1. Just to be sure I understand, how many residues within the stretch 66-125 are surrounded by 24 or more Cβ atoms within 10 Å (Cβ to Cβ) and of a type in the set (Phe, Trp, Tyr)?
2. Name, by its number, the condition in (1) in contact (Cβ under 8 Å) with a residue 60 or more places away in the chain; (2) surrounded by 17 or more Cβ atoms within 10 Å (Cβ to Cβ) that does not hold for Val314.
3. Looking at the stretch 70-79 only, could you name the residues that are in contact with a Pro (Cβ under 9 Å, 6 or more places away or on another chain) and of a type outside the set (Lys, Arg)?
4. Determine if the stretch 157-174 includes at least one residue that is at pLDDT 90 or above and in contact with a Ser or Thr (Cβ under 7 Å, 6 or more places away or on another chain).
5. What do you reckon, is Ala85 small (Gly, Ala, Ser) and over 20 Å from Ala176 (Cβ atoms)?
6. Within the stretch 330-360, take every residue that is closer than 16 Å to Ala237 by Cα and under 17 Å from the mean Cα position of the chain (by Cα) and give me the one that is surrounded by the most Cβ atoms within 10 Å (Cβ to Cβ).
7. Is it fair to say Gly54 is within 17 Å of Thr171 (Cα to Cα), in the same structural domain as Gly145 (by TED's automatic domain parsing) and touching a residue at least 40 places away in the same chain (Cβ under 8 Å)?
8. If you take just the helices (runs of 4 or more DSSP H) that sit entirely in the stretch 3-114, which of them hold at least 1 residues that are at pLDDT below 90?
Amino acid sequence: MLSSFRGLPRTVWTVFAGTVINRLGYMVTPFLVFFLSSRGVTGSETAYVLGALGAGNLIGPAVGGLLADRVGRRPAMLTGLLGSAVAQGALFVAPGVPTMAAAALLISAAGGMVGPASFALMADTVEAEGRQRAYALLGWGVNIGTAVAGVLGGLLAARGYWLLFAVDATTMVVYAVVVATRLREPARPAAGARGSGSSGGVGYAVVLRDRLLLGLLGVFGVQLFVYSLTEVALPMAVHDSGLSPAVYGAMAAVNAVLVVLLQPYATARLAHLPQLRVQCAGSVLIAVGVALTGVADGIAGYALSVVVWSLGEVVVAGIAAAAVANLAPAHARGRYQGAFGWVWGTARFAALTLGVTVYTGLGAAVLWWTALAAGLFCSAATLALAGRVARRTEHELAA
């Protein structure tokens, strides 16, 4: 299976290994509701803590991308990993809801700093034609680690929630050691240097001036919102169908198995095709699969929907991040990936808030069919932007 990613440089494999290690400890967030309940936190107070956790996903990528360009990829990654490890301990010992919320905010904000810096590091290391495979490999590692963590988390939680926090913090420290000892900081071109585009400006000004990127991020944001409904609204639909939580766990397992088994083969066969056209096709599968949740009335129906959107997830793996990296001037790669990470965080936060509000207020059918329409429209928009993105990418590579 790893032959699908043959030829990628050592830096990519090092980040992949560190990511797998880190995601093996991804246990606190999935079991956070259960932990809070064990501490006597009420339902409304739990929503407060979870809201803080979601808000951190809007802060971390923006800060991480800026730090990656200003002080370096490795320092940004180390700050995020060690900061999140400390925050894990702070959450476990937090004496009340306000301090729990503050620690949850720090966990997601610090953790969110790592992605833009690592993605920028890989863009520094890998040529444009190999970036989609590099980012797909990283996504594959996330799925492997998360799948294993889901099983281990359930076993460890039965023996004490402190084990979840200890393992999560330990894996972050181990990844930090990998970053400190096994990764090199690449030379960063100055703004205005050949191949770096125009002057960088202050903060994210270079991103905000890039209209093509902003249009592409808007399209990706809606697609990511539709995908994020699988984490938020799908368990609600399973519950409302009168099925047990074990059914949702089985659906999550189906998704994990499909992605882990199929993604390397899909990446190898699709990497040489026009990437935004592939993104369009995969996004259609995701939108259709999510919408099929609205007509499912039993285990078989939900399984079919999960298979369809999982295939779409396999198809689009790594493409969006690679497209963003290929548009970025060399001196602003961290901020471009920070903007993409911010869009990811916004999409997930919107699914948690807007998605749940529509589901409970207007009805499940409105959510599912609106998601289908939005997903199909943005897939078409991706296709419409493909030509401009290709021309711009060729210009950046020729500069």
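The values are calculated or read from the model by the stated rules, or taken from the named source; none is laboratory data. Predicted, not measured: the structure shown is a model, and the values here were computed from it. Methodologically, a virtual Cβ is constructed for each residue, glycine included, from the backbone with ideal geometry; neighbour enumeration extends over all protein chains shown.
1. Here the count works out to 1.
2. Going through the list (1) in contact (Cβ under 8 Å) with a residue 60 or more places away in the chain; (2) surrounded by 17 or more Cβ atoms within 10 Å (Cβ to Cβ), Val314 breaks only (1).
3. Step one: of the stretch 70-79, the residues in contact with a Pro (Cβ under 9 Å, 6 or more places away or on another chain) are 72-73, 76.
Within the stretch 70-79, Gly72, Ala76 qualify.
4. yes
5. Details: small (Gly, Ala, Ser): yes; over 20 Å from Ala176 (Cβ atoms): no.
When the stated conditions are applied, Ala85 does not pass them.
6. If we take residues in the stretch 330-360 being closer than 16 Å to Ala237 by Cα and under 17 Å from the mean Cα position of the chain (by Cα), then Ala351 is surrounded by the most Cβ atoms within 10 Å (Cβ to Cβ).
7. Numbers: within 17 Å of Thr171 (Cα to Cα): no; in the same structural domain as Gly145 (by TED's automatic domain parsing): yes; touching a residue at least 40 places away in the same chain (Cβ under 8 Å): yes.
No; evaluated as a whole, the condition is false for this residue.
8. Numbers: elements: 10-24, 32-38, 43-70, 73-93, 97-112.
Passing ranges, in order: 10-24, 32-38, 43-70.
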